[in-house]
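Here is the structure we will look at.
The values are calculated or read from the model by the stated rules, or taken from the named source; none is laboratory data. Everything numeric here is computed off the predicted structure, so don't read it as measured data. Ideal geometry is used to build each Cβ from the backbone, glycine not excepted, and the neighbour counts take in all protein chains shown.
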Amino acid sequence: MVIPGVLVSSRRSQRCALVGHVRPARSTAPAAGAGVSAAVTLRCRCVNGARGRAGCVRELDRVMLGRSGAGRCFDVESHGRGRLRRGAGAGAAHLHQITGGTVIESVFRTDELPAADRYDSWVEMTARSLLPTAISCDHADDFRAETRVLDLHVLQVSVLKFPPMRSRRPQRLIRRAVPEACQLALNPCGYMGISQLDRDMILHRGGLVAFDSSHTFDSHMAADDGTAAGVTVLQVPRTLLPLAANDLREIMVRPLSGRTGVGMLLTQTLGRVLADTSQFRSADGPRLGAVLLELLSALLANELNDGRPAGPAHQLTLLHQAKAFIHQHLGDADLSPSMTAAAHHISTRHLHRLFNDAGLTIAGWIRRRRLEQCHRDLVDPLWRTCSVHVIAARWGFSNPAHFSRAFRAAYGMSPSEHRHDFQRFR
């Protein structure tokens with residue numbers, strides 16, 4: 001079948017057609033309910049030459065990552081199972097479409113670009129899809145790199161391979177745009193040095209480190225032999241982490257273990273997700289993101305608690321029990337601090353003190369957990385026929401206007417916009 005589309009414009013004055021050509025997939029029929037996606041090669045016919053093609057590639061990347069205006073798409077012919085990829089000097093982008101849900105994966109390789117465009121295109125693409133930084137590299141004239149971005153809705157996973165380089169985030173870039181994100185970096189090879197908040201550390205193979213996009217940092221990365229480097233970055237909005245800003249600051253640029261405990265579980269889970277994204281079924285994207293978010297939250301919370309004097313065991317147990325009670329009753333519109341305190345036979349004042357000692361508030365914790373559940377259900381195929389207000393009420397938001405304001409404050413968009421952005425790639 002042919003999916004109609006419109007031209008994707010480059011940033012130059014003339015427009016360029018990205019035309020899809022199908023590569024027939026193997027005839028093996030998918031099992032019932034299995035994901036089906038298109039095998040397409042996109043070819044750019046830009047009259048502006050190589051530089052113009054690079055601009056169109058960048059614009060396509062904006063579409064693939066969901067960062068361009070609504071309504072833009074491209075002509076594709078589709079049948080069978082496969083992947084969407086750019087061709088003809090354009091790097092490669094993959095779009096896996098899964099029945100009832102979508103996992104978006106974008107892969108950019110500089111080898112398929114003209115040599116003169118590789119470095120600038122890669123720097124611009126990573127700034128848009130990850131974080132704007134000032135990059136310097138001794139191999140800019142013969143630049144070979146690859147970036148793979150996996151969109152899991154509540155968070156983003158990026159796998160980068162590149163020559164040795166230095167990456168800085170100066171104050172001028174923070175003033176231009178502050179995504180308020182926490183980044184967890186996994187070093188798969190060689191070493192990575194990073195400085196932030198007057199702390200310096202060297203990250204060796206298999207090590208983990210967290211840093212904050214709203215503060216300046218300076219990093220350098222290289223492999224042991226000096227020929228290549230790489231990093232895997234898990235990026236999540238700070239508002240989704242169940243830690244206060246001051247607590248997060250305490251554990252930024254501190255060595256985290258990826259070989260034991262929750263850190264090992266996180267890196268193993270992440271590795272399995274990245275190994276083969278085509279294996280995941282309907283609605284797995286948001287749920288995988290929620291799993292990784294929970295593991296990241298646990299890792300950071302454990303690191304914070306390990307760096308503090310241990311509190312009375314009974315108080316910590318009470319706090320965990322209160323959090324579990326809240327999670328079980330999120331859909332109850334009457335959930336409140338007094339209801340939670342009564343269920344645990346303690347005073348409301350005592351409950352507030354338990355949360356405050358952990359750098360949290362009860363109301364903030366309840367609101368954050370409810371918003372996370374709504375954020376996930378809005379893109380879950382199981383709830384696609386339900387209105388936004390029904391989903392909000394399911395998680396305890398009885399006032400639609402209040403829910404819309406709280407959602408926009410947390411995610412920077414309305415609930416309807418979040419659902420629409422997801423459905424654009426279904």
State which residue is modelled with the highest pLDDT when the search covers only segment 348-407 and only residues that are over 27 Å from Ala245 (Cβ atoms) and of a type in the set (Asp, Glu). Asp377
Leading residue by the ranking (farthest from Thr260 (Cα to Cα)) among those in segment 190-228 that are in contact with a Gly (Cβ under 6 Å, 6 or more places away or on another chain) and at pLDDT 90 or above: His220
Scanning segment 114-138 residue by residue, the ones that are part of a loop (DSSP other than H, G, I, E, B), without any contact (Cβ under 8 Å) to a residue 60 or more places away in the chain and more than 22 Å from Glu180 (Cβ to Cβ) total 2
If I filter segment 238-259 for residues that are among the polar types (S, T, N, Q), buried (at least 20 other Cβ atoms within 10 Å of the Cβ) and not assigned by TED's automatic domain parsing to the domain that holds Arg370, do I get at least one hit? no
β-branched (Val, Ile, Thr) and at pLDDT 90 or above: is that true of Thr99 in this structure? no
Can you find a residue in segment 153-162 that is over 21 Å from Thr267 (Cβ atoms) and not assigned by TED's automatic domain parsing to the domain that holds Arg369? no
Report every pair of residues separated by at least 6 positions or lying on different chains whose Cβ atoms are under 7 Å apart, first residue within segment 379-395 and in the same structural domain as Leu335 (by TED's automatic domain parsing), second at pLDDT 90 or above and among the aromatic types (Phe, Trp, Tyr). Ala392/Phe403
Top-ranked residue of segment 315-356 - restricted to ones that are β-branched (Val, Ile, Thr) and surrounded by 13 or more Cβ atoms within 10 Å (Cβ to Cβ), ranked as farthest from Arg368 (Cα to Cα): Ile346
Being outside any helix (DSSP H, G or I) and either aliphatic (A, V, I, L, M) or buried (at least 19 other Cβ atoms within 10 Å of the Cβ) (or both) is the filter here; which residues of segment 279-308 pass it? Ala283
Within segment 198-233, which residues are surrounded by 17 or more Cβ atoms within 10 Å (Cβ to Cβ), assigned to a strand (DSSP E or B) and hydrophobic (A, V, I, L, M, F, W, C)? Leu203, Leu208, Val209, Ala210, Phe211, Phe217, Met221, Ala222, Ala229, Val231, Val233
Is there a residue in segment 175-182 that is among the basic types (Lys, Arg) and either touching a Lys or Arg at 6+ places or on another chain (Cβ under 8 Å) or under 21 Å from Ser297 (Cα atoms) (or both)? no
Criterion violated by Asp141 - all others in (1) farther than 27 Å from Val291 by Cα; (2) assigned to a loop (DSSP other than H, G, I, E, B) satisfied: (2)
Assuming Ala324 fulfils every condition listed in (1) part of a helix (DSSP H, G or I); (2) out of contact with any Phe, Trp or Tyr (no Cβ under 9 Å at 6 or more places or on another chain); (3) at pLDDT 90 or above apart from one, which condition is it? (3)
If we keep only residues of segment 175-189 that are farther than 15 Å from Val159 by Cβ and surrounded by 15 or more Cβ atoms within 10 Å (Cβ to Cβ), then the residue modelled with the lowest pLDDT is Pro179
State whether the residues of segment 268-278 include one that is surrounded by 14 or more Cβ atoms within 10 Å (Cβ to Cβ) and modelled with pLDDT under 90. yes
